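See below for the structure under consideration.
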Amino acid sequence: MDESISRRADEATIDVSVIIPTYREAENLRVLLPRLESVLSGMQRNHEILVVDDRSEDGTDGVVGQMADQIPVRLIVRTGLRDLSLAVLDGLRAACGRLLVVMDADLSHPPESIPTLLDALEGDAADLVIGSRYAAGGRTEDWGGWRQWNSRVATWLCRPLAGGVRDPMAGFFALRRATFLQGDRLDPIGYKIGLELICRCPCRNVVEVPITFRDRAAGCSKLNFEQQRRYLLHLSRLYRDCRPALGLVMRPLLWAMRGGLAAAQHIRARRRSEQS
């Protein structure tokens with residue numbers, strides 16, 4: 001990792017760290033960072049914001065640099081494999097806060113819900129608190145039928161790993177640094193780091209706070225066939241390591257689904273080649 005822009009509060013007194021993984025999200029960061037800082041300042045907690053970027057080359061460094069004089073934001077530019085889960089892990093390891101919050105950069109997660117997540121984390125003695133689309137009172141906006149269906153299937157596949165958690169794939173969550181440091185053999189791949197933490201930290205008391213999840217404000221979704229295949233590989237690892245008995249049933253299903261996605265990806269690429 002290369003920490004290129006930094007404005008730190010006193011590390012010893014930081015209470016809350018917010019980690020935001022990014023790849024080509026400069027346009028959304030222009031809106032998110034001031035909005036997030038307004039929420040965090042209103043909480044009167046000493047805080048920091050970490051933008052963990054996968055070498056976007058879209059002006060993300062400039063956006064963070066412009067704001068670093070006004071708000072406690074750090075930019076961490078990663079030099080390894082581009083991967084959302086690995087970026088979040090790098091951010092969690094670099095964070096100084098006692099309480100850690102992870103959220104997306106695309107404005108799908110409302111920063112105004114962070115105080116509620118932190119209140120639940122401390123008030124309910126939770127191991128992890130999720131900003132949940134599927135808890136009672138939660139909802140999604142501006143999602144088409146395909147996204148809804150894809151999310152539901154993916155959630156069904158991982159539900160046995162997460163007990164009764166309704167939205168175990170959520171990317172908006174909070175946990176204590178002490179809980180994160182208990183993580184054993186963290187080995188994520190793809191974009192579902194929350195599920196990894198639930199399984200491997202482990203997080204036995206998971207609380208869900210309902211949120212309104214909105215589709216991204218700008219830019220393009222990173223979800224594609226390859227990301228879906230990586231998600232299935234991630235699930236296979238978790239079933240193997242954390243629920244081996246269930247893995248005897250689920251892992252063959254997951255590998256068959258990966259094969260189907262690979263075939264679909266090949267067909268799409270061939271059609272595009274024929275049309276060009």
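The values are calculated or read from the model by the stated rules, or taken from the named source; none is laboratory data. Here the structure is a predicted model, which means the values were calculated and not measured. Every residue, glycine as well, gets a Cβ built from its backbone with ideal geometry; the counts of neighbours run over all protein chains shown.
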Checklist entry - Of the residues Val102, Val73, which single one is at pLDDT 95 or above, crowded, with 18+ Cβ neighbours inside 10 Å and closer than 30 Å to Leu235 by Cα? => result Val102
Item to check | Residues of the range 46-67 satisfying the condition of being over 17 Å from the mean Cα position of the chain (by Cα) and either in contact (Cβ under 8 Å) with a residue 60 or more places away in the chain or buried (at least 22 other Cβ atoms within 10 Å of the Cβ) (or both) | outcome: His47, Glu48, Thr60, Val63, Val64, Gly65
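Taking the stated definitions as given, is Asp167 out of contact with any Leu (no Cβ under 6 Å at 6 or more places or on another chain) and crowded, with 21+ Cβ neighbours inside 10 Å?
yes
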Checklist entry - Can you name the residue in the range 77-95 that is surrounded by 22 or more Cβ atoms within 10 Å (Cβ to Cβ) and touching a helix residue (DSSP H, G or I) at 6+ places or on another chain (Cβ under 8 Å) and, of all such residues, is farthest from Gly183 (Cα to Cα)? => result Leu84
Item to check | Given (1) touching a Ser or Thr at 6+ places or on another chain (Cβ under 7 Å); (2) under 21 Å from Pro202 (Cβ atoms); (3) modelled with pLDDT under 90; (4) not hydroxyl-bearing (Ser, Thr, Tyr), number of the condition Glu141 does not satisfy | outcome: (2)
Checklist entry - Out of Asp127, Asp104, Asp142, which single residue is at positive phi and among the charged types (D, E, K, R)? => result Asp142
Item to check | Per-region count, the range 207-224, residues modelled with pLDDT of 85 or more and assigned to a loop (DSSP other than H, G, I, E, B) | outcome: 1
